[in-house]
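Accompanying notes for the structure given below.
The values are calculated or read from the model by the stated rules, or taken from the named source; none is laboratory data. Bear in mind that the values here come from a model prediction, so they are computed numbers and not experimental data. For neighbour counting, all protein chains shown are included, and Cβ atoms are generated from backbone atoms with ideal geometry for every residue, glycine included.
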């Protein structure tokens, strides 16, 4: 089933940090806003993401009007400009999934009915699709949690590891 993903900066950066940006090709398209693309470039992974995903990677503009509307709607959350642009693009595109590791953005998008997946969720999807074996998925998750800039609490780390340990295979 073809899937369109709108992505915030976090999952793309975190997966690129561990050399796993290629896992994003489980999506038929990964679309980012211009604001997110600027952040990807600033983090030094923009070109790598674009090259890895090829024509699956797209950059889309969000109008000032869309930004103002979303900012007014989400102002209480104190989100960054790139997060606001991601929410605005999601509202327009209605993607199958939105990729973010930002908890505030995740909650806002889920409350609007979007399916939201983070870096760890991408690894789990790759496992479920047979792109990664269980041992490889464990290694990627360990890398995400230990070697990338992704922050996860100790309790979250324990629960993720428990789910993976109980995963068949």
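Tabulated data for the structure shown
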item: Members of the stretch 159-169 found to be assigned to a helix (DSSP H, G or I) and either within 20 Å of residue 24 (Cα to Cα) or more than 21 Å from the chain's Cα centre (by Cα) (or both), listed by number; result: 160, 162, 164, 165, 166
item: Complete set of residues in the stretch 119-150 that are exposed (fewer than 15 other Cβ atoms within 10 Å of the Cβ), more than 14 Å from the chain's Cα centre (by Cα) and not in a helix (DSSP H, G or I); result: 129, 130, 133
item: Residue match in the stretch 52-59 (condition: surrounded by fewer than 21 Cβ atoms within 10 Å (Cβ to Cβ), touching a helix residue (DSSP H, G or I) at 6+ places or on another chain (Cβ under 6 Å) and under 11 Å from residue 9 (Cα atoms)); result: no
item: Positions within the stretch 97-118 being under 23 Å from residue 63 (Cα atoms), modelled with pLDDT of 95 or more and surrounded by fewer than 15 Cβ atoms within 10 Å (Cβ to Cβ), in sequence order; result: 110, 113
item: Pairs, first in contact (Cβ under 8 Å) with a residue 12 or more places away in the chain in the stretch 104-119, second loosely packed, with under 14 Cβ neighbours inside 10 Å and not in a strand (DSSP E or B), C-beta under 6 Å, six or more apart; result: 116/110
item: Conditions (1) within 16 Å of residue 11 (Cβ to Cβ); (2) at pLDDT 95 or above; (3) touching a helix residue (DSSP H, G or I) at 6+ places or on another chain (Cβ under 6 Å); number of the one not met by residue 145; result: (2)
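Quick grid of which residues meet (1) surrounded by fewer than 20 Cβ atoms within 10 Å (Cβ to Cβ); (2) farther than 22 Å from residue 16 by Cβ:
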{"site": "38", "(1), (2)": "yes, no"}
{"site": "44", "(1), (2)": "yes, no"}
{"site": "76", "(1), (2)": "yes, yes"}
{"site": "82", "(1), (2)": "no, no"}
{"site": "92", "(1), (2)": "yes, yes"}
{"site": "95", "(1), (2)": "no, no"}
